[in-house]
Amino acid sequence: MKTVLITGISGFIGSHLAVNLLRAGYRVRGTVRDMSRADSLSALLTGYAGRDGLEIVQADLLDAGVWAGAARDVDVVCHLASPVPAAPPRDPGALIETAVTGTVNVLKGAHDAGVTRIIMTSSATAVTGSQRESRQYSSTDWSDPDDSNLTAYAMSKTRAEREAWAFARERNIHFTSICPGLVLGPALETDFGTSLEAIRKLLRREVPLLPRFGYEIIDVRDVADLIRICIENEASVDQRYLAANGFCWFREIAAMLGEQFPSHANRLPRHEMPNWLAHIARWFVPEIGSLLHELDCKKTLDAASARTLGWQPGEPEEAIRAAGESLIRLNLA
């Protein structure tokens, strides 16, 4: 059975991908920056998977010298590691540099180790740009890497993915990129990164009013499924896929949580924030400032090409339910 290297295995998608691949019989090697978590992380993931076959190694995205060793004797590299800030970073340049340079370091190390198959998880932010335009986007759409209105995170994902495609084409690497929407679903542990932060804030009523924006949603387990399908299907080589299965406004997400978790219903915000107030709130809640271009904007994603591989994602309601249930179970909401 193949051995797969997962960069950023402790992340939300990385941990679910490890469980998915282990259950499917793959051998998995995962990278972390801090080896102090290696034993507990290994026990957690193999416990969920119900089998062993996992190796954890230390690697930092900015350390170019470690990646050839990390990728040695590996059949496929799944590159997921990238900084995901919970709030706008103080130094956007550093975040972008880490994502771009780290991606090049991973791909170069994999190439030097003789790996010819690489799958990268990018983001829908590398597709939809900063335009305040309600429409459907396809895998041929790209955010403009020179758009000064892009958030630092969107800029980092756009530039990193473009660098990866250029590197892969120059060196004849069999490359695939996957661009998910808002990734929800169950947290496996209390350290869940930033993907579920919006759900946690809603359940804890840290958002008293609901800004008028929304997202295409995808379950983290479906993202893991799609990555595994791409590993197993040669038709995915040299393809870019969008991973999403339904747009939800923030008000709809809050309403679903209230229906699914009646004990938390009285905590959930019910009223929307007027757009004029969002422009004022940006000075007190920096996260809102980065989303002003999304107000009243419905950007949908065409994931039809991913379905041609046999991928069958679940509904947004299930991803939202599983996210809320896990946060409550872990005493985080």
Expressed in square angstrom to the nearest 10, the accessible area of Glu232 with a 1.4 Å probe stands at 100
For the chain, dividing by residue count, accessible area per residue (probe 1.4 Å) in Å² works out to 43
Label model pair Glu232, Glu315: point-to-point distance (7 angstrom along the Cα→beta-carbon line) in nm is 2.6
Convex hull around the C-alpha positions of the range 81-219: the volume in Å³ per residue is 140
In deg cm²/dmol, rounded to the nearest 500, the helical mean residue ellipticity at 222 nm of the chain, built from -39500 (n - 2.57) for every DSSP H run of length 4 or more, is -11500 deg cm²/dmol
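With charges only on Cβ, +1 for K and R and -1 for D and E, what is the dipole size of the range 134-265 about its Cα centre, in debye, rounded to 20?
Values: 15 positive and 20 negative charges, 78 e Å.
That gives the range 134-265 a dipole magnitude of about 380 debye.
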Rounded to the nearest 10 Å², the accessible area of Met35 using a 1.4 Å probe with every protein chain kept is 80
Checked against the positive end of the charge dipole of the chain (+1 on Cβ of Lys and Arg, -1 on Cβ of Asp and Glu, about the Cα centre), the farthest of Pro262, Phe213, Thr194 is Pro262
Rounded to the nearest 10 Å², the accessible area of Asp302 using a 1.4 Å probe with every protein chain kept is 60
Magnitude of the Cβ-charge dipole (Lys and Arg +1, Asp and Glu -1) of the range 86-163 about the Cα centre, nearest 20 debye, reported as 200
Expressed in nanometres to one decimal, the distance between label points 7 Å along Cα→Cβ at Ala87 and Trp142 is 3.4
Taking only the alpha-carbon positions of the range 176-333 as identical scatterers, the Debye log10 I(q)/I(0) at q = 0.11, 0.12 Å⁻¹ comes out as -0.47, -0.56
With the charge dipole of the chain built from beta-carbon charges (+1 for Lys and Arg, -1 for Asp and Glu) about the Cα centre, the Cα from Ala71, Leu41, Ala113 projecting farthest to the positive end belongs to Leu41
With the chain reduced to its Cα atoms and the Debye formula applied, log10 I(q)/I(0) at q = 0.09, 0.12 1/Å amounts to -0.45, -0.82
Toy charge model, Lys and Arg Cβ at +1, Asp and Glu Cβ at -1: the range 210-333 dipole around Cα centroid in debye, rounded to 20, equals 480
The distance between the Cα centres of the range 227-253 and the range 100-143, in whole Å, is 13
Here the Cα Rg-to-2.2 N^0.38 Å ratio for the range 1-114 is 1.05
For the range 132-176, the percent of accessible surface on carbon and sulfur atoms (probe 1.4 angstrom, ligands and nucleic acids excluded) is 37
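Contour minus end-to-end for Met35 and Asn331, with contour as 0.36 nm per residue of separation and end-to-end as the Cα-Cα distance?
Net length gain for the segment: 104.0 nm.
The values are calculated or read from the model by the stated rules, or taken from the named source; none is laboratory data. Remember, predicted model here, so these are calculated numbers, not experimental data. Note: ideal-geometry Cβ built from the backbone for every residue, glycine included; neighbour counts use all protein chains shown. Calculation scope for accessible area: heavy atoms of the full protein, side chains included, ligands and nucleic acids excluded. Shrake-Rupley method; radii C 1.70, N 1.55, O 1.52, S 1.80 Å.
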